Amino acid sequence: MTFNIKITSSEQAQRLNRIAESHPFDIWVHGKSGQADAKSMLGLMLLTIENDVKLVIEDEHDTKGFEKEIAEFIV
């Protein structure tokens, strides 16, 4: 499952990081310059400064609760 997201502040990046850490499945952030684990604050900060960022989760996971938690970031 892929979500187009936008992070506009370090506070939002921290919030997304806390949300990602609370879920047992892998969550990746993909940008033009590469990819990083959303559970890594440094990686998240480096990639979310880009305009075109995607959050990627393997389709085999139930992400309904996660989707509600990240609704503010989805564009």
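The values are calculated or read from the model by the stated rules, or taken from the named source; none is laboratory data. Model, not experiment: these values are computed from the prediction. Note that each Cβ is placed from the backbone with ideal geometry, even for glycine, and that neighbours are counted across all protein chains shown. Surface areas here come from the heavy atoms of the whole protein model, side chains and all, with no ligands, DNA or RNA. Shrake-Rupley method; radii C 1.70, N 1.55, O 1.52, S 1.80 Å.
Scanning the stretch 58-75 for residues that are open to solvent by 40 Å² or more (accessible area, probe 1.4 Å) and under 18 Å from Ser22 (Cβ atoms) returns Glu58, His61, Asp62, Lys64, Gly65, Glu67, Lys68, Glu69, Ala71, Glu72, Ile74. Inside the stretch 38-57, can you point out the residues that are touching an Asp or Glu at 6+ places or on another chain (Cβ under 7 Å) and open to solvent by 20 Å² or more (accessible area, probe 1.4 Å)? Matches in the stretch 38-57: Lys39 only. Taking each residue of the stretch 18-46 that is more than 20 Å from His61 (Cα to Cα) and looking for partners that are of a type in the set (Gly, Ala, Ser) and assigned to a loop (DSSP other than H, G, I, E, B) with beta-carbon atoms closer than 6 Å, six or more apart or interchain, yields Leu44/Ala38. Among the listed residues Ser10, Ser33, which satisfies the condition of being modelled with pLDDT under 90, out of contact with any His (no Cβ under 8 Å at 6 or more places or on another chain), of a type in the set (Gly, Ala, Ser) and open to solvent by 80 Å² or more (accessible area, probe 1.4 Å)? Just one listed residue meets the conditions, Ser33.
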